[in-house]
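Okay, so here's the structure we're looking at.
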């Protein structure tokens, strides 16, 4: 199988001297392509820091990261940005939609940033909204939608560039349990249909029914890996 994420001896320290905080302490991680993986841990355990390092938003203090065989070490800021736009999709707890833009425009904007051809942008944006069940809501703005619908737009935006890796930080944190279950079902469907790899930081106990494995992070170290029958 193809390896999507390969991490060795990953350390991330903030500050120096006595006030230094070791957010990540020698992370070892191996995730195969096409897997839906949950990353669990208490607040402050290092979940968001790990996602940021994997997505090229933050640089580790030491250690190595390879995403689909490509090392993130030594990449310039420009090269890292180009790589991130084409290879990684991000989903956040707060949705992160631009309130003045419609659902279609929020999704299409990502394709515009990636400099996709105009005809392709429109078609792809509508396809992604259809995939998340919001084709008929393309012209609506975020404030006209429920929280679950806004998160679906955020998902459509994240998959617009057909990334191979999706990183999600507490994507169901603002949703009620029924809506969260719908979103997790959608994640599972997208991962399997598109053969994307997804790593999701979460506190949500519902995820165990949907993911392939659960990683338990404690004090910057992966303490346990649980494979699920999902």
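The values are calculated or read from the model by the stated rules, or taken from the named source; none is laboratory data. Keep in mind it's a predicted model, so treat the numbers as computed, not measured. Ideal geometry is used to build each Cβ from the backbone, glycine not excepted, and the neighbour counts take in all protein chains shown.
Miscellaneous remarks
- Residue list for the range 73-97, restricted to those being closer than 19 Å to residue 168 by Cβ, modelled with pLDDT of 90 or more and in contact with a helix residue (DSSP H, G or I) (Cβ under 7 Å, 6 or more places away or on another chain): 89, 90, 91, 97
- Check on residue 159, touching a strand residue (DSSP E or B) at 6+ places or on another chain (Cβ under 6 Å), touching a residue at least 24 places away in the same chain (Cβ under 8 Å) and buried (at least 20 other Cβ atoms within 10 Å of the Cβ): yes
- Count of the range 168-196 residues which are touching a residue at least 40 places away in the same chain (Cβ under 8 Å), outside any helix (DSSP H, G or I) and surrounded by fewer than 24 Cβ atoms within 10 Å (Cβ to Cβ): 6
- Of 38, 64, 23, all but one fail to be surrounded by fewer than 16 Cβ atoms within 10 Å (Cβ to Cβ), touching a residue at least 40 places away in the same chain (Cβ under 8 Å) and either touching a helix residue (DSSP H, G or I) at 6+ places or on another chain (Cβ under 9 Å) or assigned to a strand (DSSP E or B) (or both); the exception is 64.
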